[in-house]
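Note sheet for the following structure.
Read-outs throughout are calculated quantities, based only on the coordinates presented, and are distinct from any laboratory measurement. The structure displayed is predicted, hence computed values, not measured ones. So basically every Cβ, Gly included, is an ideal-geometry build from the backbone, and we count neighbours across all protein chains shown.
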């Protein structure tokens with residue numbers, strides 16, 4: 001191995017303002033591939049060395065993040081080999097490459113445009129708000145026991161829509177939600193008189209107790225049944241949300257549509 005590998009050309013480009021190590025390593029490989037395309041032909045054998053194990057693994061897989069890099073590499077006329085090398089000090093040429101990368105930060109000219117993948121980690125770290133409003137925290141519980149097999153068992157599009165509305169608390173037959181769409185509809189529960197018929201109240205309401213016992217085989221259930229027992233949850237909704245006292249819900253339906 002050469003102790004001091006010869007340097008023919010150094011390519012330096014400014015990275016994006018918001019980016020990631022994976023993205024910048026991908027862009028560096030694109031720059032190397034572009035140089036190969038401009039300086040080599042079908043008789044050439046080119047070796048690209050990288051200390052990014054994640055980029056190498058992505059190239060072996062089917063990640064869409066590097067579709068452009070994969071397309072550039074596949075279009076090269078030369079025979080190209082990509083070799084992973086650990087990014088440790090002492091490897092010939094490594095320190096010189098690191099120095100060039102640091103110098104590239106001060107190169108004149110505009111930065112590369114920030115991508116969605118590059119900005120998302122910064123957005124996520126900057127968001128300090130709670131994941132949802134207090135009145136919507138029930139949604140996490142409603143989705144806490146999701147099962148793809150049970151979801152696929154629900155074939156009807158209408159049933160799928162009704163289930164999602166229940167989980168979100170936006171079911172049109174819940175008086176609390178109907179009141180938001182049409183203030184003329186009172187928000188109180190027609191079964192027990194509770195001040196607000198939300199999905200949280202509905203699953204615990206004394207007026208649905210007998211139906212819960214019949215359908216779930218128990219009285220004490222919480223909103224997790226909306227994902228753990230979707231079919232039974234739909235049965236409970238049909239039995240308790242379309243009965244007496246719901247004749248005004250069509251007004252909410254018209255407003256929503």
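Let me have the relative contact order for the chain, percent, based on Cα pairs under 8 Å that are six or more residues apart.
The normalised contact order for the chain reaches 18 percent.
Dividing the Cα radius of gyration by the Kirkwood radius, what Rg/Rh value follows for the chain?
Here the Rg-to-Rh quotient is 1.25.
Okay, which of segment 162-186 sit inside 15 Å, backbone N to the point 7 Å along the Cα-Cβ direction of residue 151?
The answer is 162-168, whose backbone nitrogens lie closer than 15 Å to the label point.
Using the per-residue mean of other Cβ atoms lying within 10 Å as a proxy for protection, in what order, highest first, do the peptides 21-29, 139-147, 167-175, 37-45 fall?
167-175, 21-29, 139-147, 37-45
Rounded to the nearest 500, what is the 222 nm mean residue ellipticity of the chain from helices alone, with -39500 (n - 2.57) per DSSP H run of 4+ residues and division by all residues?
So the calculated ellipticity at 222 nm is -13500 deg cm²/dmol.
Mind checking the angle between helix 94-104 and the chain's longest principal axis? C-alpha axes, 0 to 90 degrees, to the nearest 10.
70 degrees
What is the helix-to-structure angle for 116-126, meaning the angle in degrees between its Cα long axis and the longest Cα principal axis of the chain, kept from 0 to 90 and rounded to the nearest 10?
It is inclined by approximately 60 degrees.
So for 229, 64, fewest C-beta neighbours within 10 Å to most, what's the order?
Ascending Cβ contact count within 10 Å gives the list 64, 229.
Using 1/(1 + (r/R0)^6) with R0 = 30 angstrom and r between the beta carbons of residue 216 and residue 180, what's the FRET efficiency to the nearest 0.05?
0.60
Any chance you could run the full-extension gain for residue 81 through residue 35? It's 0.36 nm times the residue separation minus the Cα-Cα distance, nm to one decimal.
The span from residue 81 to residue 35 would gain 15.1 nm if fully extended.
Treating the angle as unsigned and between 0 and 90°, give the value, to the nearest 10°, between the Cα long axis of helix 157-168 and the longest Cα principal axis of the chain.
90 degrees
Give the share of C-alpha pairs in each 5 angstrom bin for segment 135-256, from 0 to the last occupied bin, in whole percents, shortest bins first.
Whole-percent P(r) values from 0 Å outward: 2, 12, 23, 24, 22, 12, 5, 1, 0.
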